[in-house]
Every structure is written in C-alpha cells, then in structure tokens.
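Enquirer: Pasting in a structure now, in structure tokens, and then I'll have a few things to ask.
The values are calculated or read from the model by the stated rules, or taken from the named source; none is laboratory data. Everything numeric in this text was worked out from a predicted model, so none of it was measured. Ideal geometry is used to build each Cβ from the backbone, glycine not excepted, and the neighbour counts take in all protein chains shown. The accessibility values were calculated without ligands, DNA or RNA, using every heavy atom of the protein model including side chains. Shrake-Rupley method; radii C 1.70, N 1.55, O 1.52, S 1.80 Å.
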Amino acid sequence: MIDIGCKLALLTAALVERRLSIVYFHRVPATPDPLLPGEPDCARFRARVRWLREGFHVLPLVEAVRRLYAGTLPPRALAITFDDGYRDNVTNALPILTELDVPATFFVTTRYLDGGMMWNDRVIEALRAWPDDDIDLRPYGLESFALRGARVASLPGLLEKLKYLPHADREHAASDLLARSGATVSGLMANADEIRRLRAAGMEVGGHTVSHPILCSLPLAEAREEIATNKAELERIL
C-alpha cells in the first residue's frame, strides 16, 4: 500500500518531468561588448549551449510544445529560442548550434531586416557615441538624463525611460538620438537570405511582429495587423 506522502512524491515527479523550460537569447556578439553585458559572446555562448546539451533534453520548440500537450515530454525538456532577428544569430550562433547539433527557434521582427535597426539598438549606439555627459530628453517629453561618466551603468535607466513612450514617439526618439550622437552603424539585423539560411540549416523560424511594439498597449486591430503582416512577410521570405 502506498501512503499519501508517496503518492504526492510520485505526482510531483510526474509534473516535473512534463515541465518545459525555454532559454532565450537576443544577440551573440563575436567578442564581449561592455554595453551588452547580458549577451554572451561566441566563447560564452558555446560553453552555455554545451552545458545545456549535457544537462537537458533539447528539443525543437514546435515538437516540445506538441509533446508538452500530449504528455510525452522527456525529463528535463528544454527549448532554445532567439528574439528579433539579429545578423549575429546567423553568423555567430548558427555555426555553434550546428557544430553541437542543437536545435533552436528564431523569432524574427520583419521591419528591421535588410539594414534596419531596432529602437533599443539605436539608443545603445547613440549612447556609445554620445559626446556629452548629459542627454537632453526634453524634446520627447522626458527629463534630461545624466550619464555621469558611467555609460554602461546608465544604459538600463535610459532604455527604461524610453521603452514605455507611445510606439511612434519611441521610434522617433530613438532615431533622433542616433542622429544627434553622430554614430554611423548598420548591419545589425539579418537580411532575407540569412533568414532562409536558418531554415535551410534545420532551424525553426517564427514571428515576432513587424515593428516590435508592446502589443498590449495597442488597439486590438493594430495588434492583429502587427502579427498577421509579420507572418505574411516571413512566409514570403521562406
């Protein structure tokens, strides 16, 4: 006879075995970037993926979700995903994933493919090149922002100030800051051929809206348009 403690232990073990973990990345720069402290460079990324492969059962996301609902997930199931569609996902991350035989899913924002830049990257590059110790944010309805010589430490606060502006205002502010900084940066995002390379390598490609707004801040019709247009554009590319 199994007592109630054993029954609870067995039930807990079953639930844990059917749990799906998801690890997501954005960028994989070739070398460490002080303004991207949370993004692993190639060496750190290879070490992390190798550790994940050794400690978990890594599955393609679509298969993992299907097996989650079917109740057939293996123990320690895990999927790896990438957000936004950065070029270094293709040039740096993809060779490592292929080398280690690890699947991943890449969620792509389509407006910035082929030479565009996400709003946050425009702000980061503006901060990297900013010529003064203060950034005047009053043109965007915000207070001036003091860098105090600590640009790495200042970055999260600057992004947070701009993140929740209305979408169009945020886009304008990011582009204006980049222009005011004098920075000249291009090629951060993948192009259509590189997105096709991900698929050809056996990776999954998914949608991540057209312009990366905060969907819950949009009217429903605009949110639907962001999702549906992104899907159609990716289908055309693929």
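Listed here are the residues, each with its yes/no results for (1) among the aliphatic types (A, V, I, L, M); (2) open to solvent by 30 Å² or more (accessible area, probe 1.4 Å); (3) at pLDDT below 95; (4) under 21 Å from the mean Cα position of the chain (by Cα).
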| residue | (1), (2), (3), (4) |
| --- | --- |
| Gly38 | no, yes, yes, yes |
| Phe45 | no, no, no, yes |
| Arg50 | no, yes, no, yes |
| Leu59 | yes, no, no, yes |
| Ala64 | yes, no, no, yes |
| Phe82 | no, no, no, yes |
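Enquirer: Next up: Would you call Leu142 of a type in the set (A, V, I, L, M), outside any helix (DSSP H, G or I) and either in contact with a Phe, Trp or Tyr (Cβ under 7 Å, 6 or more places away or on another chain) or in contact (Cβ under 8 Å) with a residue 12 or more places away in the chain (or both)?
Expert: Considered against the rule, which asks whether it is of a type in the set (A, V, I, L, M), outside any helix (DSSP H, G or I) and either in contact with a Phe, Trp or Tyr (Cβ under 7 Å, 6 or more places away or on another chain) or in contact (Cβ under 8 Å) with a residue 12 or more places away in the chain (or both), Leu142 comes out as yes.
Enquirer: Further, regarding this structure: Restricting to segment 188-218, name every residue that is open to solvent by 30 Å² or more (accessible area, probe 1.4 Å) and either of a type in the set (Asp, Glu) or at pLDDT below 95 (or both).
Expert: Those that are open to solvent by 30 Å² or more (accessible area, probe 1.4 Å) and either of a type in the set (Asp, Glu) or at pLDDT below 95 (or both): Asp193, Glu204, His212, Ile214, Leu215, Cys216, Ser217, Leu218.
Enquirer: Okay, moving on. Select from segment 1-36 the residues that are charged (D, E, K, R), modelled with pLDDT of 50 or more and open to solvent by 40 Å² or more (accessible area, probe 1.4 Å) and list them in ascending order.
Expert: Asp3, Glu17, Arg18, Arg19
Enquirer: I would also like to ask the following. Of the residues that sit in segment 156-176 and are open to solvent by 70 Å² or more (accessible area, probe 1.4 Å) and either in a helix (DSSP H, G or I) or of a type in the set (Ser, Thr, Tyr) (or both), which one is farthest from Ser217 (Cα to Cα)?
Expert: Pro156
Enquirer: With Ala153, Ala179 as the choices, which residue is open to solvent by 50 Å² or more (accessible area, probe 1.4 Å), at pLDDT below 90 and on the phi < 0 side of the Ramachandran plot?
Expert: Ala153
Enquirer: Would you please name the residue that is farthest from Leu188 (Cα to Cα), looking only at residues in segment 116-134 that are open to solvent by less than 50 Å² (accessible area, probe 1.4 Å) and not in a helix (DSSP H, G or I)?
Expert: Trp130
Enquirer: Could you tell me whether segment 103-110 includes any residue that is surrounded by fewer than 20 Cβ atoms within 10 Å (Cβ to Cβ) and in a helix (DSSP H, G or I)?
Expert: No: zero hits.
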